[in-house]
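Let me begin by presenting the structure, written as structure tokens, before commenting on it.
The values are calculated or read from the model by the stated rules, or taken from the named source; none is laboratory data. All figures in this text were calculated on a predicted structure; none of them were measured in a lab. No Cβ is skipped: glycine too gets one built from the backbone with ideal geometry, and neighbour counts run over all protein chains shown.
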Amino acid sequence: MARCKVPRRLAATSLIRNWTGRDLSKTSDQLSDVNPEATVRASVVSILRNQEENGAIVASPDFAEYRYCWLRDGSFIAYALDQVGQHDASARYHSWVNQAIEGISELIDRAIEWHQQERPLHPDHMPPARFALDGSNVVDDDWPNFQIDGYGTWLWSLGQHLLSTGQSLLPDEFRGSVERVGRYLDAFALTPCFDVWEESGTALHTSTLACVYGGLTAAARLLDDDDLAERASTVRSQVRDSALRLGRYVKSSESDDVDASILWLATPFRVVEPSDRYFAETVRTIEQLLRLDGGLRRYPTDTYFGSGAWPVLTASLGWHYLSVGDLDAAREARDWVAAHIDAEGRLGEQFGGERRDPQHYREWLERWGPPAKDLIWSHAMYVVLCTGLAKFAEPHTGRSRSEDAGDASQP
């Protein structure tokens, strides 16, 4: 019997109604200036509307360069879906990644083999940073391809999904991909590559190492693999040692700047604890150098679209504040993000760059057109922050409130 296919928009509407008890798929324009609970619903609506039937999640529906699925974005988005009980949607994403990994299995295996043989590897020989929505590899000579952070973030997100759905064992259908990606991260953990912003391909990047650590620890647990756990420990030591010279963590092996993505060292990946003195100094430096109109920029010398403030990073800072129990600061971060959800329920990539650095904003405008008006990763981090704050309003669980808000941090 032929299976009846449900249109993607209808499927999303059904999921939304099942979660909220009423259909919000047509009311997101009424939610942007209401309470956090309502705006979270609007963001969940946006995420589900931008998930394909096969599980892929487009990075942005309105920005041509982002009409692909990145493991980095998608894995944070899947985590956000799990936080609001959208486990089926999260599972579909992870199944899509599993199939995409299977599709490039020979590419991954060859990269590992050549690395072990110390043969030269061009970035085009590496597994892709982004996939077409059908799961196929995207071949683009102009795109910085070699980025390993997304593979680590996927393993972490998959591990969190299984924990949130009560699955103590790795399903058999995922074992091959988890083993393969684990071996890939093991091989290339300390190899220079492009960073989470797809820049600087000759350095070791602190936030990339955080993602790799999160992936290795998840794979070690899922596979009961002591070698992967030992490799994760090596990565952690590399990161911690890098802070000794300046008394804080730095952007990369080639830059002593800070980068807001370094926030992920503590939450969610727990390379270090939020109370780590070097990390605390890093947060202070980020707050001092990267604030813009209440939001957070990427790094001091950033010029991309004038270097506006990113909801992804502002929410990440709020997530950190939750982990240390600073609820007022977390709410301020939440409110800043909420204020940038537009009347159509969209949440852009960044804001304020056209005022901060008009020259570089115009250069990117001429090259690619306006920045993304709806970045699905922005919605996801907003959902994560809001659901974390909501845990502080729930009855006490027997653990500290900061532990409850930081469940995402546990590998």
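What's the total number of residues in segment 151-179 that are surrounded by 20 or more Cβ atoms within 10 Å (Cβ to Cβ) and of a type in the set (Gly, Ala, Ser)? Number satisfying all stated conditions: 4. Among the conditions (1) within 21 Å of the chain's Cα centre (by Cα); (2) surrounded by fewer than 23 Cβ atoms within 10 Å (Cβ to Cβ); (3) among the aromatic types (Phe, Trp, Tyr), Trp114 misses just one, which is (1). In segment 303-346, the qualifying residues are those that are part of a loop (DSSP other than H, G, I, E, B) and free of Cβ contacts under 8 Å to residues at least 12 places away in the same chain, and the one that is farthest from Glu199 (Cα to Cα) is Asp326.
Residues in segment 347-356 that are under 26 Å from Val45 (Cβ atoms) and without any contact (Cβ under 8 Å) to a residue 60 or more places away in the chain: Gly348, Gln350, Phe351.
Scanning segment 93-103 turns up no residue that is touching a residue at least 40 places away in the same chain (Cβ under 8 Å), in contact with a Phe, Trp or Tyr (Cβ under 9 Å, 6 or more places away or on another chain) and either among the acidic types (Asp, Glu) or not in a helix (DSSP H, G or I) (or both). So which residues in segment 91-123 are within 22 Å of Gly201 (Cβ to Cβ), among the basic types (Lys, Arg) and touching a Gly at 6+ places or on another chain (Cβ under 8 Å)? If the condition is that a residue be within 22 Å of Gly201 (Cβ to Cβ), among the basic types (Lys, Arg) and touching a Gly at 6+ places or on another chain (Cβ under 8 Å), then no residue fits. Would you confirm, using the coordinates I've provided, whether His360 is at pLDDT 95 or above and surrounded by fewer than 18 Cβ atoms within 10 Å (Cβ to Cβ)? Judged against the criteria, His360 is a match. When segment 142-156 is filtered for residues that are at pLDDT 95 or above, assigned to a loop (DSSP other than H, G, I, E, B) and hydrophobic (A, V, I, L, M, F, W, C), only Ile148 remains. Ala100 passes every criterion in (1) surrounded by fewer than 24 Cβ atoms within 10 Å (Cβ to Cβ); (2) over 17 Å from the mean Cα position of the chain (by Cα); (3) modelled with pLDDT of 95 or more apart from (1).
Could you tell me whether Phe279 is closer than 24 Å to Glu198 by Cβ and of a type outside the set (Val, Ile, Thr)?
no
Scanning segment 113-141 for residues that are in a helix (DSSP H, G or I), within 15 Å of Pro192 (Cα to Cα) and touching a helix residue (DSSP H, G or I) at 6+ places or on another chain (Cβ under 9 Å) returns His115, His125.
When the helices (runs of 4 or more DSSP H) confined to segment 206-296 are screened for residues that are over 19 Å from Arg72 (Cα atoms) and without any contact (Cβ under 8 Å) to a residue 40 or more places away in the chain, those reaching at least 3 such residues are found at 226-242, 277-290.
Residues that are crowded, with 16+ Cβ neighbours inside 10 Å and out of contact with any strand residue (DSSP E or B) (no Cβ under 8 Å at 6 or more places or on another chain) were ranked within segment 281-298; the one that is farthest from Arg334 (Cα to Cα) is Glu281.
For (1) of a type in the set (Phe, Trp, Tyr); (2) within 19 Å of the chain's Cα centre (by Cα), each residue gets a yes or a no:
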{"residue": "Gly215", "(1), (2)": "no, yes"}
{"residue": "Arg245", "(1), (2)": "no, no"}
{"residue": "Ser261", "(1), (2)": "no, yes"}
{"residue": "Ser275", "(1), (2)": "no, no"}
{"residue": "Tyr278", "(1), (2)": "yes, no"}
{"residue": "Thr285", "(1), (2)": "no, no"}
{"residue": "Pro300", "(1), (2)": "no, no"}
{"residue": "Gly306", "(1), (2)": "no, no"}
{"residue": "Gly318", "(1), (2)": "no, yes"}
